Amino acid sequence: MAASSSRDHGAGGCRSNIPQYEDATSERNTQVFHVASFGAAWRGALHPQDLSLHQAASEDQDAAVAEEFSCPPEFVSELKAVCSIDALKSPGKEDTEEIPEDTSLLTLTIRKKALERREETVIVDRACRQETFLYEMESHAIGKRPNDPVNLVKEGELVLTLNIFYPVIFQKHKTHKPYQTMLVLGSQYLTEVRDSISCVSDLQIGGEFSSHPDQAPEYISKDLYKSAFFYFEGIFYNDMRYPECRNLSRLIHRDDCLDRSLYPLLIKKHWLWTKKCFVCKTYTARWVTNDDSLAPQDPSFFCDVCFQMLHYDADGNKLGEFLAYPYVDPGIFN
């Protein structure tokens, strides 16, 4: 992969070594570019202070602001006081839940109407849960530094945003609804990316266990099927770390759909609704049955307790006719 280049005609002068890899106006994902060349180009264009991961001293920051605005140091001190976060706080302690009747702020007016609607009807705020989930995913590692200095990310390291999509999805959502989004360091291996991808199929348990549900094996599909590959720009990258791995690139066609210790860092993932037990409708399903003479629909999903109480007597003998399979709900990744 080769990086294309762009030319900067601004005040900074001509820069032909900066790769042009992204068109923010039309595409969510970048164009093809060479990661090493891209990183080298930016490291050559930026100053050491731009690449430094150490926080600049307060005096240095004040001097830089004074130079930027061509003003005396006394003005910088006054500017810091006026623009401080503390200046945004109210002088007295106010009840944030109490909205004044004569408010002229549009945001407070909208919030007041929303609170009034909640008092009149029972609302399950699912959107709020999802927004909270997304916010926590995006912010849980911001500014975090490792306890072990060995895991400190090096200065000038590239951070790539990697979108992972469903293998089958509607065409209109193909490039706009990633299943997961993670931050990956440019120096990391593809094996680290592969191990960080969550897939519910990796946790499935194969087999039918209606006669002996307590004897379901503890191993999962990921333990049995370790083969995997990435397909980038017409090239297959097979995971061959284990002796039992197979070269899967021969089995797929190119037209088919395809702190340092914290990386690859997952920052976004698709919200998946959990499937509740068919009986209690409270707990997440752990079993799925087919051809179940005791259930009105096929397939039917049950939690552990309801599955045992409905399908087995006090001595553990099977009641009725049915096929039972352990079920791993995709919502566990929430």
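The values are calculated or read from the model by the stated rules, or taken from the named source; none is laboratory data. Note that the structure is predicted; figures quoted are calculated from it, not measured. Here Cβ is always computed from backbone atoms with ideal geometry, including for glycine, and neighbour counts include all displayed protein chains.
Take the residues of segment 178-230 that are part of a helix (DSSP H, G or I) and β-branched (Val, Ile, Thr): which is farthest from residue 303 (Cα to Cα)?
Within segment 178-230, the match that is farthest from residue 303 (Cα to Cα) is 191.
If we keep just the residues of segment 196-221 that are surrounded by 14 or more Cβ atoms within 10 Å (Cβ to Cβ) and of a type outside the set (A, V, I, L, M, F, W, C), which is modelled with the highest pLDDT?
Within segment 196-221, the match that is modelled with the highest pLDDT is 196.
Residue 236 fails exactly one of the following numbered conditions: (1) assigned to a helix (DSSP H, G or I); (2) at pLDDT 85 or above; (3) more than 24 Å from the chain's Cα centre (by Cα). What is the number of that condition?
Among (1) assigned to a helix (DSSP H, G or I); (2) at pLDDT 85 or above; (3) more than 24 Å from the chain's Cα centre (by Cα), the lone unmet condition for residue 236 is (1).
Name the residue that is farthest from the chain's Cα centre (by Cα), counting only residues in segment 71-97 that are at pLDDT 75 or above and in a loop (DSSP other than H, G, I, E, B).
Filtering first and then ranking leaves 72.
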